Amino acid sequence: MTPQEEVKAKLLERLKADMKNADEDYNARKRMAFEEDAEVNAKLTELAKSYNKNKDEDEDDSWFVKFVLGIIGIGFVVFIFAAFIVYGVFSNGIAGMYLWEWFLVPLGVSKISLLHAVGFAALCRLFTHENSLANMYKEDDLTSSQKLSKIIIALLLPWATLLFGYIIHRLMT
């Protein structure tokens, strides 16, 4: 073999050895990456299971929270509705008591108490169906602002009537 062929053979052997080392290094890195991926996948799977477990526990608790909030909401609506009814009856009773005192007592009719006036106002409301919810909302074409204005008028009407009656009472005396 000539010296050139010997150099070529040595270079070829070195190249084959380097390629073998590179292949082994590549395979080792590939194995490491695969093991890391498997480790990451295992951690992700564990995290997903933990999340689903917590989500299931939250869903188990959420029906109770929704139920309690629903009961509180219904109770609040009933309370507000009852408060408006009590306000309406008592405000009309107070206005009726003073108007009775100003205009009927001078004619010889006996004076009535607040509870008598409240009862009388409730009785008048029952017989006349004045300001009932059915009458307030039977027109479907009312906008929400028109409905709100009707409610505000219903809340302020007894006091406006009382003010008007007071002015007339003062003019009479």
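The values are calculated or read from the model by the stated rules, or taken from the named source; none is laboratory data. Worth saying up front: this structure is predicted, and the values here are computed from it rather than measured. Positions of Cβ are generated from backbone atoms using ideal geometry, with glycine treated the same way; all protein chains shown enter the neighbour counts.
For segment 114-173, which helices (runs of 4 or more DSSP H) that fit wholly inside it have 1 or more residues that are charged (D, E, K, R), modelled with pLDDT of 80 or more and more than 33 Å from the chain's Cα centre (by Cα)?
So the answer is 144-172.
May I ask you to list the residues in segment 82-101 that are within 18 Å of Leu157 (Cα to Cα) and either among the hydroxyl-bearing types (Ser, Thr, Tyr) or loosely packed, with under 13 Cβ neighbours inside 10 Å (or both)?
Once the filter is applied, which keeps residues that are within 18 Å of Leu157 (Cα to Cα) and either among the hydroxyl-bearing types (Ser, Thr, Tyr) or loosely packed, with under 13 Cβ neighbours inside 10 Å (or both), segment 82-101 yields Ala83, Ile85, Val86, Tyr87, Ser91, Tyr98.
List pairs: first in segment 99-126 and farther than 19 Å from Gly88 by Cβ, second assigned to a helix (DSSP H, G or I) and not hydrophobic (A, V, I, L, M, F, W, C), Cβ under 7 Å, 6+ apart or cross-chain?
Trp102/Gly165; Trp102/His169; Lys111/Glu101
Output the residues belonging to segment 102-121 that are of a type outside the set (S, T, N, Q) and surrounded by fewer than 16 Cβ atoms within 10 Å (Cβ to Cβ).
Listed by number, the residues that qualify are Phe103, Leu104, Val105, Pro106, Leu107, Gly108, Val109, Lys111, Leu114, Leu115, His116, Gly119.
Every residue, every condition in (1) part of a helix (DSSP H, G or I); (2) under 40 Å from the mean Cα position of the chain (by Cα); (3) modelled with pLDDT under 80, yes or no:
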site	(1), (2), (3)
Met1	no, no, yes
Ala9	yes, no, no
Arg14	yes, no, no
Glu24	yes, no, yes
Ala28	yes, no, yes
Lys55	yes, yes, yes
Phe67	yes, yes, no
Phe76	yes, yes, no
